[in-house]
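Trainee: I'd like to ask you about the structure that follows.
Every read-out reported here was derived from the displayed coordinates using simple, explicitly stated rules and does not represent laboratory data. The structure displayed is predicted, hence computed values, not measured ones. All Cβ positions, even for glycine, are placed from backbone atoms using ideal geometry, and neighbour counts span all protein chains on display.
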């Protein structure tokens, strides 16, 4: 079974190969692997999701919820560890809240007076490692993806020592945090 978002519809293919199409109310797709992260859709009667599998990973992926006016699918593989594509998702419906949660988790010794600068930079995709994930239907709702690999420069062990790389990591991190309007609390 698979689920994918096509335009303004969610298409679920069940175990028997039947295509079930429903109008999408809201939907988010992982920009790195293309998997459905979260989708809310209209339905008069619940769609039996059963053991819904990821089309990419071939393992159980979705939790299904009945919501007012329809149903929701929420990715289980991206919830905690970023799934197999390693993109960690922050799930609040506001990019401001997601950026704040990311900052508390990954930069606890830093703070931000206003998130306006950071929000603008993230939405313009100017900060490698922080990925805006807008609702495919439109509107102001935006999830945040965090890509550790894009945030931190790779170590070229042939041309630099571990200490030099660590110094470069700190420099790069500080440049990105400055772009976001984040300052050190110490």
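Trainee: As I understand it, the value is the acute angle between the Cα axis of helix 95-106 and the longest principal axis of the Cα atoms of the chain; what does it come to in degrees, rounded to 10?
Mentor: Orientation of helix 95-106: about 50 degrees from the principal axis.
Trainee: Where is the GNM fluctuation largest for the chain (alpha-carbon springs, 10 angstrom cutoff): 37, 144, 65?
Mentor: Its mean-square fluctuation being the largest, the pick is 65.
Trainee: Between region 80-139 and region 5-22, how far is it from one alpha carbon centroid to the other, in angstrom?
Mentor: Centre-to-centre distance over Cα atoms comes out at 29 Å.
Trainee: What FRET efficiency, computed as 1/(1 + (r/R0)^6) with R0 = 25 Å and r the Cβ-Cβ distance, is obtained for residue 101 and residue 123, rounded to the nearest 0.05?
Mentor: 0.90
Trainee: Here is a follow-up. Where the Cα atoms of region 2-75 are projected onto their three principal axes, how long is each span, largest first, in whole Å?
Mentor: 30, 27, 19
Trainee: Looking at the chain as a GNM with Cα springs under 10 Å, which of 96, 158, 63 has the largest mean-square fluctuation?
Mentor: Among 96, 158, 63, the largest GNM mean-square fluctuation belongs to 158.
Trainee: What list of whole percents do you get for P(r) of the chain, with Cα-Cα distances grouped in 10 Å bins up to the one holding the largest distance?
Mentor: Result returned by the calculation: 9, 33, 29, 18, 9, 2, 0.
Trainee: Rounded, prolate or oblate: which one fits region 117-186, using the alpha carbon gyration tensor with axes a ≥ b ≥ c (rounded when a/c is under 1.5, else prolate when a/b beats b/c, else oblate)?
Mentor: Note, shape of region 117-186 comes out oblate.
Trainee: Further question on the same structure: Given a Förster distance of 35 angstrom, what is the FRET efficiency for residue 151 paired with residue 72, based on the Cβ-Cβ distance and rounded to 0.05?
Mentor: 0.75
Trainee: By count of other Cβ within 10 Å, fewest leading, how are 164, 76 ordered?
Mentor: Exposure proxy ranking, most exposed first: 164, 76.
Trainee: What number, in percent, do you get for the relative contact order of the chain if the mean sequence gap of Cα pairs under 8 Å and at least 6 apart is divided by its residue count?
Mentor: So the answer I get is 17 percent.
Trainee: Hey, another quick one. Working from Cα positions, state the angle (0 to 90°, nearest 10) between the long axis of helix 162-179 and the longest principal axis of the chain.
Mentor: Between helix and principal axis, roughly 70 degrees.
Trainee: Under the rule of -39500 (n - 2.57) per DSSP H run of 4 or more residues, summed and divided by the residues of the chain, what mean residue ellipticity at 222 nm is obtained, to the nearest 500 deg cm²/dmol?
Mentor: Calculated mean residue ellipticity at 222 nm is -6500 deg cm²/dmol.
Trainee: Out of 165, 91, 102, any idea which swings most in a Gaussian network model of the chain, alpha carbons joined below 10 Å?
Mentor: Largest GNM mean-square fluctuation: 165.
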